[in-house]
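Notes follow once the structure below has been shown.
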Amino acid sequence: MNNPPLAAAEFVLALAAGTTINDDRLRPAGGRWYVVGRWRKGKVFVGWVGGVWRLQRGDELLGEVLVEDGDFPWLSGRFRPQPAFAEVKPLFDEELALTEALADSDSAEDVEAWERVYERIAGALTLVAPHGPVPEFLLHVQGDEAWFRWSDEPFTDDRG
């Protein structure tokens, strides 16, 4: 099927109306669309490669991720830290080191250590998508690179 690319507004309106659009229409001129999350009632949020996600502490901007690629469920891109990021960088360094250690370990202690560090990140910071803040996210930062996944609904704690 050779359909012309949809304009951004057409695409968003089609999704809002619940229209199913096949993949050959997901490439408007000048960029790439990608599905980055599913809304309630089956609707999807579609983002633009090149979109900017912000890492914030309250109203303070700590850094920005310029999305360069998506490999569901992960998005990745260039991280542009702001001066205030220096205050939380040690947490991200520790989180990444623990993540890498978990590749070789499945001990409950290692998992709990990672969870404690990440709870400090997620409890103090907010990831803001182009459409607004997301309630849950998993963000890794290494130098000028960042990769993350997110949820538009809060996670539930099933541990009791």
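The values are calculated or read from the model by the stated rules, or taken from the named source; none is laboratory data. Note that the coordinates shown come from a computational prediction; the quantities given were computed from them, not determined experimentally. Cβ placement follows ideal geometry from the backbone for every residue including glycine, while neighbour counts extend to all protein chains displayed.
Scanning the range 80-118 for residues that are among the hydroxyl-bearing types (Ser, Thr, Tyr) and assigned to a helix (DSSP H, G or I) turns up 99, 118. Could you please tell me which pairs satisfy a Cβ distance under 7 Å, a separation of 6+ or placement on different chains, a first residue in the range 79-106 that is at pLDDT 95 or above, and a second residue that is assigned to a loop (DSSP other than H, G, I, E, B) and among the charged types (D, E, K, R)? Close Cβ pairs (under 7 Å, with a partner that is assigned to a loop (DSSP other than H, G, I, E, B) and among the charged types (D, E, K, R)) amount to 79/144. With respect to (1) within 17 Å of the chain's Cα centre (by Cα); (2) surrounded by fewer than 16 Cβ atoms within 10 Å (Cβ to Cβ), the lone exception for residue 64 is condition (2).
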